[in-house]
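The values are calculated or read from the model by the stated rules, or taken from the named source; none is laboratory data. Note that the structure is a prediction, hence the values are computed from the model and not measured. Neighbour counts run over all protein chains shown; Cβ positions are idealised from the backbone, glycine included.
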Amino acid sequence: MEESDGSSSAQSKRSLANKTPEPCLVCGVPTSTLHLQVNACYACAAFYRRSIQTHSTYRCQKNNCKCDLTVKTIGKPLCRLCRYNKCVEVGMIINKSRGSSHDEFVHDLTDFSSVDLEEIYEKIKKIFEENSPIIENPEISCTQQFIEILTKLAETSKPKKSLTLFTDNDTRLNFVMNQFVKCAKMLSKYSPFAALPLAEKLQLHSHFWETFNLFERCFQAHQYFGNDDDDNRIPVDDSQYIDLSNLSYLFGENDTKYVFLSPFLEKAASFLNTFKKTNVTTVEFAYMSQIALWSCYGKTNNSFLFS
């Protein structure tokens, strides 16, 4: 597949014309061109772009958000809410310049050579203090806003093409700490959170992080490894995985090196199976994360930061 581009050469266009059409990931219509960085037809890409630009809100035709977009009825348009949700789910990306939509999550990654909690705290605090004003638009829901931000974060945190069995804990820790910072950046773009006082932002982010990290890793495992119930692998960073069904090499009889990972792995073992059985989508992941976020509001206990 080739990304449609006005500057494409005649040779590229001829090559594109010879491509075997594949179903649009949104509506199923055959298409030979990538739009908004996914295999989608022009109509669905235009619909999504227009929805974002106009901050449109929709209501499901069947009131269950489960409309089959591949079934067309003459004279009746596709359910706009389900179409929009599917566009988000398949990862459509709108950006003025290629690659810019994820810059806020990737341009300031830090090489944490050691776990310096004070350095991380100051970095998070700076993000919340310098939080740029968010223009409120009554026509876009908080959930739609959160889905857009979460999609960007998930795209920058997904595993690389090839994962190896976990052996390098320094790499994992560096990834987790950067994820902790990314989570703060994500929340700072979310209007309801951005409106909170600084102290409440810091506290809520700290308590939300542990649950969000668990959800995000299970979501990435489902996306990368599929929904086979017998496959218990989960990515612990963007290059390594752990097989939850075989932890003997991590927790030997006299080996306590990875004991701090135990709480995370125990929770992941139950949550991962749920994510696979229910086939959690990006939209559902966003709803779950919002519920988890506001369920943490007002908590005063300390969270385990790097589990």
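Taking PHE208, is it under 26 Å from ILE147 (Cα atoms) and either surrounded by 14 or more Cβ atoms within 10 Å (Cβ to Cβ) or at pLDDT 90 or above (or both)? It is true that PHE208 is under 26 Å from ILE147 (Cα atoms) and either surrounded by 14 or more Cβ atoms within 10 Å (Cβ to Cβ) or at pLDDT 90 or above (or both). Within region 248-264, the only residue that satisfies the criterion of being of a type in the set (Gly, Ala, Ser), loosely packed, with under 13 Cβ neighbours inside 10 Å and either at pLDDT 70 or above or assigned to a helix (DSSP H, G or I) (or both) is SER248.
Residue pairs whose Cβ atoms lie under 9 Å apart, separated by 6 or more positions or on different chains, with the first residue in region 40-55 and more than 12 Å from ILE94 (Cβ to Cβ) and touching a residue at least 40 places away in the same chain (Cβ under 8 Å) and the second charged (D, E, K, R) and not in a helix (DSSP H, G or I), are THR54/GLU139; HIS55/GLU139. With respect to the stated conditions, PHE166 is hydrophobic (A, V, I, L, M, F, W, C), over 25 Å from GLY91 (Cβ atoms), over 13 Å from the mean Cα position of the chain (by Cα) and assigned by TED's automatic domain parsing to the domain that holds LYS123.
For region 7-35, the tally of residues that are touching an Asp or Glu at 6+ places or on another chain (Cβ under 9 Å), at pLDDT below 85 and not in a helix (DSSP H, G or I) stands at 6.
None of SER270, SER245, SER239 is in contact (Cβ under 8 Å) with a residue 12 or more places away in the chain, small (Gly, Ala, Ser) and more than 24 Å from ASN178 (Cα to Cα) except SER245. Whether a residue is more than 16 Å from the chain's Cα centre (by Cα) and among the hydroxyl-bearing types (Ser, Thr, Tyr) was assessed, and THR274 passes this test.
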